[in-house]
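What follows is a short report on a single structure.
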Amino acid sequence: MQGVNRARGEPGLESGCHYDALDKMAVELDVFVGNTTIMDEEVYQLWLDGHTVNDAVKVRMEGGVLEECEASADVLMSDTMDQYRTFQMCERLLHSPTKLANQLLFQIPPHRQAILIERYYAFDDVFVREVLGKKLSKGTKKDLDDVSAKTGVTLKSCRRQFDNFKRVFKVVEELKGRLVENIRQHFLLSDKLSRDYAAIVFFANNRFETGKRKLMFLTFQDFAFCGGQLINNWTVGAVDNMVEDMDVDLDKEFLQELKELKILIADKDLLDQHKSLVCTALRGKTKAFNEMEANFKNLSRGLVNIAAKLTNTKDVRDFFIDLVEKFIEPCRSDRWTAADMRLYLTHYTNSAHILDTFKHQLVWDRYMGVIKSCIFKMYHD
Amino acid sequence: MPGKLKAKIVAGRHLPVMDRASDLTDAFVEVKFGNTTFKTDVCPKSLNPQWNSEWFKFEVDDEDLQDEPLQITVLDHDTYSANDAIGKVYIDIDPLLCNEAASVISGWFPIYDTIHGIRGEINVLVKVELFNDLNRFRQSSCGVKFFCTTAIPRCYRVAMVHGFVEELVVNEDPEYQWIDRIRTPRASNEARQRLISLMSGELQRKIGLKVLEMGGNAVVGYLQCFDLEGESGLVVRAIGTGCTLDKVSFGSAPNTNTHVHPSTAPASNACNSPSKDGKEPVFAEDLPSFSGPPTPFRVLPTSSSSPPPFSPSKPCSRQSSSSDTDLSLTPKTGMGSAGKEAGPLKTLLRQQTQTALEQREFPFFTLTSFPPGFLVHVGGVVSARSVKLLDRIHNPDEPETRDAWWEEIRQEIKSHAKALGCHAVVGYSERTSICEEVCILSASGTAAILNPRYMREGCLDTGNTEPRFDEPSPPSCGFCHIPYDELNMPFPAQLTYCYGCRRQKVPDVLFTTIDMPSEAAVTGKGCLIQARLCRLKKKAQGEVNATAISNLLPFMEYELHTQLMNKLKLRSMNALFGLHIQISVGENMLLGLASATGVYLTALPAPGGVQIAGKTPGDMSNEHHILTIQKRINDTIAKNKELYQINPPELTEEVVGSPIPEPRQRSRLFRSHSESSDELSELDLSHGKKDAFVLEIDDTDAVEDIHSLLTDASPPSGFYSCNTEIMPGIFNWTSGVQMFTSVRVFRLSNANLTNQGLNKIFTDLCENLLKSFYFKLRSMIPCCLCHLNFTVAVPEEELIQVAVTAVAMTFDKEQILEKPGDKIITKGCIEGEEQLQFSMELCADSSGISTQQLSKISGVPESTNVSPRAASVDYGSFADRCSTWLELIRLKAHTIRRGSIKTISSLERSSPLPEGRSRSLRSNRSFGGSSVTVVKMTPLSFLPGTRIIKYLGIINMFFIRETTSLREEGGVSGFLHTFIAEVFAMVRAHVAALGGNAVVSYSMKECMLMENPNKNQAQCLINVSGDAVICVIETDQEPIHTAVGPRQTCSSGADGTT
């Protein structure tokens, strides 16, 4: 069976320890097959985490499962190996989760199938933080041992997670329709996990820089949230959802239109007018007022420049680093609170509508809506 | 042209990639039946082809329909080279030939290849149109229903049990044909699979013909096995019980009348010697056959020159003890309360039964559980073994020689049964163990006396042909009463008056191969009891080897029985059900495994303790050692009593039980039997000559043995285990069901192994397997492992293989204690006893007993005198009157319960079939939109919480799997794991295609694994069988004996425990 061979793609690691253990017990063969496939969630997690059979046995023993059930270490070893084998056999089905539902080899109740899939596609935030925005290529895969060393996630687990990203990316890349929805349908994942995968795919496709030191304070969830904002508002799909690749790439027309926003900083009158409107609104409402007033022009230039440069792929990649450098860092050094930030950005956005000569309200809203929520999310320690 | 077979190929899915270049497949399908082949179009470049073919029609004889499978081959079209086979599907047409079974086969089947395993699935539609058969002298037996279930299938009523049917067919094994040298392993495997499928079909057809000849319409307890003899051929053989079954129609509930006839010991038939004593072995023709004795153990080493432990023929024969005959018979018939008026009638009935049974060559029944009242008395286990040399078969292609072998064994079984005063053998089974050219044939069963009602034509229709009279033996204990003559017991046993009815005699222990009758009264719970044994043997060939084996056999049987008896006593139990003794032969050892379910039958006396005795008294350290062991044993017994909730009303025992076991008389009888065989007197140890069971420690071996007795771990709390259908003492099953198969192979190290060392390894292997099960299934607690079926084999010189199939079933802990219906009554009983303790103690006055005993010992015509006397004594005590009164209530409760079944089931049955079916389908489809039908599997004849509404036909499948990339598939474990999972998948797919949602009476008959890790190769053969059924969720709380709480639903079964 080809599938089986494929499923045992990495036999060296697993079956190696498998046989050492068997020799010890002089048990040449030991299998247990249930009509309903028995899977222990704890062991599944250990397997997913890339532990060897022996490590898994150790962990389980420490967990006290033996005392609970009056069993011996041999029993635990036998059970663990059995489960590992079952998972390996299931693995190829997990690669295309829709097959799991109508395959005949394993009788697994649907709610259990859902758990298997969800857990298989779950990932470690520390790991994903390392590869987020990187090209999902063979080169990146080769560097996974470094990632493993750095994050403490086993290489095996790193590979599984990386392959999952790649697999989802490949399937979804060419599909029409909403990105999150496509992921959910093809991989039968939960809403939350589908959205996370959508963000991962989006970041990988646009190659956003996330690894710089200045960005290290941001978690995957911060990025996933921002990614979701970008997908929902800045892609082609946000306006027209029957276009190919629509959710994966940013809306080029919109990016062009963003250049028009430059007027906000290029036109001196407009800039001053904008500043006075914002300052009037803010006066007396925050302790950081003085700093806001002093920095207004700088901050506004920062945000508008980011918008204007987004037509360049290179600048798109630096989107997050720019946000941090041009806006978040200055504010932080002035000790703005999160509330200050909220107040400032709200008035900054709204005041632009009152400017008589500013005609790009729609683009401004589409841009600032995302920027606002991204900065709110990213403004923390 | 009696039949038209139609097949349509709809679609495929998940096909493997056959063309590496395009990563796709150009698939087409060949449909073959007999010599006719049709092809579909090629569906290019698709892994999920849609063929939607026309209907392929085959016009064939119904004989062929029975023999041949429909063969579907999926191929990859290749323009330039030969087409590559993707895999095959064999579909057994048989279920479609019976109008009561399935009407169409439709569904997704796994495409199976013997080298690659399952490779995608194919959707097929099959129908059969049968024309009226005008030929009276037909060769086919379409319409005869087959059931693997060893009980009367639920939703049928038995009108008549015709009896034993057997058949055996032989063919050359394709693997040993010359052509095998030039063909591929795949071709060879497929030839074998196809041949066995053909032979199974032929066998079934022939058995069907025999049943039709008998006037029956069904085979129940159908047991088919195959023997791979190697060079001499491939044998497929089957046994079963021919019956006439009536489908239970609306309103007519199963016959629930209970007529238990106290049948007397057979008067006329001379007690044949259980074995032809002193016969010298003749190899290849009649090798020493060894008879495993009934309950109390008896060794009959016919092969050796040593005389049998007691000379069976003389003392047993009627002539030598004619004076006793009268004495023992008259009182016996008079003993029942029915007394005189019933007497003659009973004799008549008995004679009728006997003639009905004697007309048959073999009064054997493969059933293990029976309609109430069918089983009258049970004598004990009868078994026979014989060693044969396969290379001495004169005409290996013909079945005659094997037929003769089996005939011989069956004759022996029959004569053993007669020796036990029984006219029938129930729970009968046969098996073989083959190693090279040596073959051990074994048969075993339970000698019994059956109710003639089911045997005679026409009498069941009215059910009233026999006048009703008060039955002296209540159903809860009647089957325990001895069928043999107590003065001429075929073996020494300790008899007492029955603790249930106090009127008839019962043995101290009872061993049987059947399931416990549902009406039997038990105290506490049962448990799995296993005796395990390894015996080394020198490697040898031919006759020398066969002699060595046949010399070892009796000792193995003896030791297994001793172990069983000891373990039974340690658990404070007195009866074994479902006893299976398997002896497997290897090149350098013999393996023996006896499994049974121990219980405490309320009707039988409490087992004495186990006592340790040293042979060298005076040695202080030894004495101390013995004391410690004794203490450990006593502690174990106490612990077990608590564990299995065995709290028999001990005081009643003394009152009732004491009058009969008169040591002196027994020993007198015994002496007369065993005078000639002093050197074997040791063997009598296991017969319970003394009240307490004595183990003598005379050497280190004995110490080891005792240690090994004590090492058996009891199941962890929350678990029970048994090898019978259900656990005696548990009634409230819930719907959690998990069937599993587990296989372990142990490699012995090269070190010089002793018998003791081997025993330890083997015992540990079995114990560890059980421990693994408990651990794996811990989420199902409280739960019981039922039908634990162990099979052992010695596949190679240094390998021991143990394969287990069983089912874990959950039950409701809250009501664990009693049968719902019995609850109040038993409570009343206990209360009554508590109140009466004082008076009973008075009764148990030792002087009273001793006088009774004296009177008996003096040898007066016992029963006539004593039984009224005993009765009068007992009646004097309030205790007895009270408990008879309770007994009466109990009996009434039985009838009340039965009555309620009747009404409820008739109501339920009035729901039309299609509705039931749609219900079942709905329940399957309801989970999460999965397109795969959930198919439950169980080795039992039922699924708790559900009701079987239709039997769709038997599943009998044989698969071979081979690999030349063992390492890549995860080693032998990975290989076998995948294969077993594939077999399950194929069984489920076939059942689903028949429209079913469950397999009952599932069993794995064979799991033969051969490996060669050095060559990276392995091959495995698996044979499975079962009954495909449709079952629906039981919604009402029905007070049947598997009564279940109302809160269980089938959907909960899907929670990881389908």
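The values are calculated or read from the model by the stated rules, or taken from the named source; none is laboratory data. What you are looking at is a predicted structure, and each value in this text was computed from that prediction instead of being measured. Cβ atoms come from the backbone with ideal geometry, glycine included; neighbour counts cover every protein chain shown.
Exactly one residue among B:SER714, B:SER686 is touching a strand residue (DSSP E or B) at 6+ places or on another chain (Cβ under 9 Å) and at pLDDT below 80, and that residue is B:SER686. Selection of segment B:1-46 for residues being under 29 Å from A:LEU100 (Cα atoms) and touching a helix residue (DSSP H, G or I) at 6+ places or on another chain (Cβ under 8 Å) yields B:ARG13, B:HIS14, B:PRO16, B:VAL17.
Of all residues in segment B:760-772, those that are touching a residue at least 40 places away in the same chain (Cβ under 8 Å) and over 13 Å from B:PHE790 (Cα atoms) have Cβ atoms under 7 Å from Cβ atoms of residues that are in a helix (DSSP H, G or I) and hydrophobic (A, V, I, L, M, F, W, C), 6 or more apart or on another chain, in B:LYS771/A:VAL75. Restricting segment A:66-78 to residues that are facing chain B (nearest Cβ under 7 Å) and touching a residue at least 40 places away in the same chain (Cβ under 8 Å) leaves a set whose member that is nearest to the chain's Cα centre (by Cα) is A:SER78. Can you say whether A:SER157 is surrounded by 16 or more Cβ atoms within 10 Å (Cβ to Cβ), polar (S, T, N, Q), without any contact (Cβ under 8 Å) to a residue 12 or more places away in the chain and not assigned by TED's automatic domain parsing to the domain that holds A:ASP40, as far as the supplied structure shows? No. Do the conditions hold for A:GLU118, that is, is it within 14 Å of chain B (Cβ to nearest Cβ) and closer than 19 Å to A:GLN221 by Cβ? Spelling it out, A:GLU118 is indeed within 14 Å of chain B (Cβ to nearest Cβ) and closer than 19 Å to A:GLN221 by Cβ.
Of the strands (runs of 3 or more DSSP E) that lie entirely inside segment B:1-72, those containing 2 or more residues that are without any contact (Cβ under 8 Å) to a residue 60 or more places away in the chain span B:27-33, B:36-39, B:56-60.
Does B:ALA981 satisfy the condition of being within 26 Å of the chain's Cα centre (by Cα), within 11 Å of chain A (Cβ to nearest Cβ) and of a type in the set (A, V, I, L, M, F, W, C)?
Judged against the criteria, B:ALA981 is a match.
Using the structure shown, decide if A:LEU105 is within 14 Å of chain B (Cβ to nearest Cβ), under 23 Å from A:PHE32 (Cα atoms) and not in a helix (DSSP H, G or I). Here the answer is yes, as A:LEU105 does meet what is asked.
Among the listed residues A:LYS135, A:LYS176, A:LYS99, A:LYS170, identify the single one that is away from every other protein chain (no Cβ under 12 Å), surrounded by fewer than 17 Cβ atoms within 10 Å (Cβ to Cβ) and without any contact (Cβ under 8 Å) to a residue 40 or more places away in the chain. Exactly one of A:LYS135, A:LYS176, A:LYS99, A:LYS170 is away from every other protein chain (no Cβ under 12 Å), surrounded by fewer than 17 Cβ atoms within 10 Å (Cβ to Cβ) and without any contact (Cβ under 8 Å) to a residue 40 or more places away in the chain, namely A:LYS170.
Being among the β-branched types (Val, Ile, Thr) and within 13 Å of chain B (Cβ to nearest Cβ) is a description that applies to A:THR36.
Among residues of segment A:39-53 that are assigned by TED's automatic domain parsing to the domain that holds A:GLN83, those with a Cβ under 6 angstrom from a residue that is assigned to a helix (DSSP H, G or I) and among the aromatic types (Phe, Trp, Tyr), sequence gap 6+ or separate chain, pair up as A:TRP47/A:TYR84; A:TRP47/A:PHE87; A:VAL53/A:TYR84. Checked against the criterion of being surrounded by 22 or more Cβ atoms within 10 Å (Cβ to Cβ), within 14 Å of another protein chain (Cβ to nearest Cβ) and assigned to a loop (DSSP other than H, G, I, E, B), the candidates B:GLU1011, B:GLU969 yield just one match: B:GLU969. Note on segment A:298-355: residues that are assigned to a helix (DSSP H, G or I) and either in contact with a strand residue (DSSP E or B) (Cβ under 8 Å, 6 or more places away or on another chain) or among the aromatic types (Phe, Trp, Tyr) (or both) total 6. If the condition is being closer than 20 Å to B:ILE949 by Cβ, hydrophobic (A, V, I, L, M, F, W, C) and either outside any loop (DSSP other than H, G, I, E, B) or modelled with pLDDT under 85 (or both), then segment B:127-158 contributes B:PHE146, B:CYS155, B:VAL158. Output yes when any residue across segment B:8-16 is of a type in the set (Gly, Ala, Ser) and surrounded by 20 or more Cβ atoms within 10 Å (Cβ to Cβ), and no when none is. Yes; the residues of segment B:8-16 include at least one that is of a type in the set (Gly, Ala, Ser) and surrounded by 20 or more Cβ atoms within 10 Å (Cβ to Cβ). Among the residues of segment B:16-26, are any away from every other protein chain (no Cβ under 14 Å) and touching a Ser or Thr at 6+ places or on another chain (Cβ under 7 Å)? For segment B:16-26, residues away from every other protein chain (no Cβ under 14 Å) and touching a Ser or Thr at 6+ places or on another chain (Cβ under 7 Å): absent. Counting only residues that are of a type in the set (Val, Ile, Thr) and modelled with pLDDT under 90, segment B:366-400 holds 3 of them. Scanning segment B:63-80 for residues that are out of contact with any strand residue (DSSP E or B) (no Cβ under 9 Å at 6 or more places or on another chain) and over 15 Å from B:ILE196 (Cα atoms) yields B:GLU63, B:THR79, B:TYR80. Any chance segment B:716-735 includes a residue that's away from chain A (no Cβ under 11 Å), of a type in the set (S, T, N, Q), part of a strand (DSSP E or B) and over 18 Å from B:ALA531 (Cα atoms)? Taking every residue of segment B:716-735 in turn, at least one turns out to be away from chain A (no Cβ under 11 Å), of a type in the set (S, T, N, Q), part of a strand (DSSP E or B) and over 18 Å from B:ALA531 (Cα atoms). Scan segment B:756-766 for residues that are more than 10 Å from chain A (Cβ to nearest Cβ) and closer than 18 Å to B:PRO716 by Cβ and the total you get is 1. Among the candidates A:ASN54, A:ASN35, the residue that is touching a strand residue (DSSP E or B) at 6+ places or on another chain (Cβ under 9 Å) and closer than 27 Å to B:THR978 by Cβ is uniquely A:ASN35. Does segment B:167-182 contain at least one residue that is modelled with pLDDT of 90 or more, out of contact with any Lys or Arg (no Cβ under 9 Å at 6 or more places or on another chain) and over 30 Å from B:PRO371 (Cβ atoms)? Checked segment B:167-182: at least one residue is modelled with pLDDT of 90 or more, out of contact with any Lys or Arg (no Cβ under 9 Å at 6 or more places or on another chain) and over 30 Å from B:PRO371 (Cβ atoms). Hey, does segment B:45-62 have a residue that's within 19 Å of B:VAL128 (Cβ to Cβ), out of contact with any strand residue (DSSP E or B) (no Cβ under 9 Å at 6 or more places or on another chain) and either more than 14 Å from chain A (Cβ to nearest Cβ) or modelled with pLDDT under 90 (or both)? Looking for residues that are within 19 Å of B:VAL128 (Cβ to Cβ), out of contact with any strand residue (DSSP E or B) (no Cβ under 9 Å at 6 or more places or on another chain) and either more than 14 Å from chain A (Cβ to nearest Cβ) or modelled with pLDDT under 90 (or both), one finds none in segment B:45-62, hence no. Taking segment A:127-215 and the helices (runs of 4 or more DSSP H) fully enclosed by it, the elements with 3 or more residues that are β-branched (Val, Ile, Thr) are at A:155-173. Looking only at segment A:331-346, residues that are surrounded by 14 or more Cβ atoms within 10 Å (Cβ to Cβ) and farther than 17 Å from A:ILE265 by Cβ come to 9 in all.
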